[in-house]
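The values are calculated or read from the model by the stated rules, or taken from the named source; none is laboratory data. Fair warning: this is a prediction, and the values are worked out from it, not measured in the lab. Don't worry about glycine lacking a Cβ; one is built from the backbone with ideal geometry, like all the others, and counts go over all protein chains shown. For the accessible areas, the whole protein counts, side chains as well, though only heavy atoms, and no ligand, DNA or RNA atoms are used. Shrake-Rupley method; radii C 1.70, N 1.55, O 1.52, S 1.80 Å.
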Amino acid sequence: MKNDEIPEFATDAGLIAGIMRKEKIALSLLYDKYAPTIFAVIYGITGDRMISETLLARCFCAFWETAGNFNPRGPGLLSWMLRTAGGLARESLRTLENEIQEENKYVNDSKELINLEM
């Protein structure tokens, strides 16, 4: 189904209004319209398809949950969504980097312990 098939959702304002009313069709139409663009931005940040797909799903959950925070007088719906997506992608990378650092520390500590015992 396309946005123009449901006049109420033909515009970004109509889509966000529908999402604020928790109309699932509005979220589905928003996804169809913007998911490729948002995925491209997330993938550009993460460089990993699987992580990007997971983050894309998280983004649309966030849009659903935080639609009331959208300011229609602001820069626009796509800008708001891209800002959210970029933030989630960068946060995910920081978390992953921290986990890798912790894992490396554990491995290094284990190697030192093994060397001490030999």
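A few notes on this one:
- Residue check, L56 within 18 Å of L96 (Cβ to Cβ), hydrophobic (A, V, I, L, M, F, W, C) and touching a Phe, Trp or Tyr at 6+ places or on another chain (Cβ under 7 Å): yes
- Criterion applied to A17, A26, A35, A67 was being assigned to a helix (DSSP H, G or I), surrounded by 12 or more Cβ atoms within 10 Å (Cβ to Cβ) and without any contact (Cβ under 8 Å) to a residue 12 or more places away in the chain, and the one residue passing it is A17.
- The residues of the range 67-118 that are modelled with pLDDT of 90 or more, farther than 17 Å from T37 by Cβ and of a type in the set (A, V, I, L, M) amount to a single one, A67.
- Counted residues, the range 70-103 - those being more than 9 Å from the chain's Cα centre (by Cα), assigned to a helix (DSSP H, G or I) and within 20 Å of L29 (Cα to Cα): 5
- When restricted to residues that are within 20 Å of E65 (Cα to Cα), touching a helix residue (DSSP H, G or I) at 6+ places or on another chain (Cβ under 6 Å) and open to solvent by 40 Å² or more (accessible area, probe 1.4 Å), the range 1-14 contains 1.
- Answer from R73, R49 - the residue that is closer than 18 Å to M20 by Cβ and open to solvent by 80 Å² or more (accessible area, probe 1.4 Å): R73
- So A57, is it under 10 Å from the mean Cα position of the chain (by Cα), of a type in the set (A, V, I, L, M), assigned to a helix (DSSP H, G or I) and surrounded by fewer than 17 Cβ atoms within 10 Å (Cβ to Cβ): yes
- Filtered by the rule that a residue be in contact (Cβ under 8 Å) with a residue 12 or more places away in the chain and among the basic types (K, R), the range 47-64 gives a lone residue, R58.
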